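Here is the structure we will look at.
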Amino acid sequence: MSNAPAPVEPSILHVDMDAFYVSVEIKKDPTLTGRPVIVGGTGNRGVVASCSYEARAFGIHSAMPTARARRLCPQAVFLPGHFDDYQEASSAIHRIFLSFTPRVEGIALDEAFLDVSGARRLFGSGPEVAARIRQEVRQTVGIECSVGVARTKLMAKLASKEAKPRPSPTGPQPGPGVFVIHPEEELAFLHPKSVRALWGVGPATAARLTRMGISTVGDLARAPLESLVGSLGHAAGRHLHELAWGRDPRRVEPSRPTKSIGHEETYAKDHHRHETLAVEVVRMSDAVAARLRHSSLEARTVTLKVRFGDFSTITRSRTEPAGFATAQAISRIALALLEEVDVSAGVRLLGVSTSGLGDAGAEQLSLDDLAAAGSDDAGWKAASGAIDDIRRRFGDRAVGPAALADADGVRVKRIGDTQWGPTAGGGAGAPAVRRSRGAGDPAGERTQ
């Protein structure tokens, strides 16, 4: 039996913005055009979230420590992340996607899979739709994107990388913008690539395959299935063998259930006292609860994540019999978990997350319930609804737990706040200040 894939018209698109966060910043400040620009955590413990192609020419890439990026390119402009701006641009981009097909699977703010097989009569073939999407994103949002077109998600993802610009010492070299892999071309395209190109092949799996003499996807495809299963396990061995032959049955899934909601933060300096960390737990619990309620979800499990100064990391979890979505319930559990942890060695990172998510149940709250509950969960559910209403009208800093109030107001935790590490000169929750002018400016902050 032939291993060749069935000839299906390429109709799966993988759309990926080019240096998304940087592109949004350049749109706001066109004077940054043509300069090495880095967005991410600007403090010594920060990481690069996105960088312009001019910066990439110096060897800078996403997830690189900011301190190293500064050494490689001290003349770069370092900017903190502005998550609200990125969300706004992402929403506009996804509206464009949905104008072509309802079958859109968002992967991150800046990328998505689309199945345009049902859009042929209205918009043309997969490559034609890809070209129209690029034009719409450019005209409507003002940034560039690259699109891979193939018959499977794996191949479309690989194709979008081929469509992208390339950094060079003389400036970015434009890519094709749209790259199409036809069924008859798949194996010739796929087999010379490193096994790291496949989903599920991380450093540990790649090292194991290297010990088997397997370095390319072609080597993997030619390896006996029994050897792969023996070395990697039944599921992983068979999965990678299928991918090596270009077989990827996964569909584009327009909606995927949320599995967890949480926040975590890396601090500019280690914290050694429970009292300091307790305030951070309250901040995160308040933000997590707001996101749960915004999504009409309740959680049953709270997980506390603690990373110490030596990078050792522990997690502690507790599951409740009933669902909850209030800051009081989450912080009560997370604070109890924190009390069990010896923090004297110094905490570098703290996180609070919830899981075991389900739809928020409709519950009629009676006066008897309030009287019986006192300050417990029933009363807090009603109070949380009022908090949400106030924040919708007056902003998220209008009201919050008293522990978060200081001379500057309520110090709430927001999505994207210090997502890539602390800002230069900023402590926990310090506001990100944009400084977009001047070489080597020390300020600023899914990693792309």
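Could you tell me which of the pairs Lys28/Lys259; Lys164/Lys193; Lys153/Lys193; Lys269/Lys305 are separated by over 23 angstrom between their Cα atoms in the structure shown? Please report the intermediate quantities before stating the final value.
Numbers: Lys28/Lys259 34 Å; Lys164/Lys193 17 Å; Lys153/Lys193 16 Å; Lys269/Lys305 17 Å.
Correct reply: Lys28/Lys259.
To the nearest 0.05, what FRET efficiency results for Glu340 and Arg211 with a Förster distance of 30 Å applied to their C-beta separation? It comes to 0.15.
Note on Ala204 and Glu242: the extension gain reaches 11.7 nm, defined as 0.36 nm multiplied by sequence separation minus the Cα-Cα distance. In this simple spin-label model, placing a label point 7 Å from the Cα along the Cα-to-Cβ direction at both Ala197 and Glu275 gives a separation of 5.8 nm. With a Förster radius of 35 Å, plug the Cβ-Cβ distance of Arg35 and Ser312 into 1/(1 + (r/R0)^6) and report the FRET value to the nearest 0.05. The formula returns an efficiency of 0.35 here. Remark: spin-label model distance Arg251-His61 equals 3.5 nm, labels positioned 7 Å along the Cα→Cβ axis. A cut-off of 5 Å between modelled amide H atoms, ignoring neighbours fewer than 5 places along the same chain, links Gly309 with Arg348. In a simple Cβ point-charge model (Lys, Arg +1; Asp, Glu -1; nothing else charged), segment 152-242 has a dipole of about 380 debye relative to its Cα centre. Please label the shape of segment 163-222 as rounded, prolate or oblate, based on the square roots a ≥ b ≥ c of the eigenvalues of the alpha-carbon gyration tensor (a/c under 1.5 means rounded; beyond that, a/b larger than b/c means prolate, else oblate). Oblate.
Once fully extended, how much extra length lies between Arg121 and Lys161, figured as 0.36 nm per residue of separation less the alpha-carbon to alpha-carbon distance?
Separation in residues times 0.36 nm, less the Cα-Cα distance, equals 11.6 nm.
Placing +1 on each Lys and Arg Cβ and -1 on each Asp and Glu Cβ, with no other charges, gives segment 198-323 a dipole about its Cα centre of roughly 220 debye.
Residues Met17, Met64, arranged from fewest to most other Cβ atoms within 10 angstrom of their Cβ, appear as Met64, Met17.
No lab work stands behind these numbers, since they all come straight from the coordinates. None of the values given here were measured: they were computed from a predicted structure. So basically every Cβ, Gly included, is an ideal-geometry build from the backbone, and we count neighbours across all protein chains shown.
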